[in-house]
């Protein structure tokens, strides 16, 4: 079955800094993982947050994101299909620095269930 993505025309609520919020769509949440698709219209952001779990990001789009961090800002170049892992505790605000929609899937890894190997 082939799925065709429709272009994102909506934005989330406007943040205090004037940017609109990126749109998170919860896909799965259970006792092991939280899987969220993040859709960023140009210039939208996640808002400042701290990651409460280890996580993997799977970019669906190739482009750049602005990462606002306590130590300063930096740009990250992401490539569709090239995943990366980060440890619990990362604090940042993620902003779409492209002039097109940017999408990634975030997989948060909860602690192993008792009995796992």
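List of remarks:
- Inter-residue pairs, beta-carbon under 7 Å, first without any contact (Cβ under 8 Å) to a residue 60 or more places away in the chain and at positive phi and in the stretch 98-112, second in a loop (DSSP other than H, G, I, E, B) and surrounded by 14 or more Cβ atoms within 10 Å (Cβ to Cβ), 6+ apart: none
- Odd one out for residue 51, checked against (1) under 15 Å from residue 90 (Cβ atoms); (2) in contact (Cβ under 8 Å) with a residue 60 or more places away in the chain: (2)
- Residues in the stretch 104-112 include at least one that is assigned to a loop (DSSP other than H, G, I, E, B) and modelled with pLDDT under 95.
The values are calculated or read from the model by the stated rules, or taken from the named source; none is laboratory data. Everything numeric in this text was worked out from a predicted model, so none of it was measured. For neighbour counting, all protein chains shown are included, and Cβ atoms are generated from backbone atoms with ideal geometry for every residue, glycine included.
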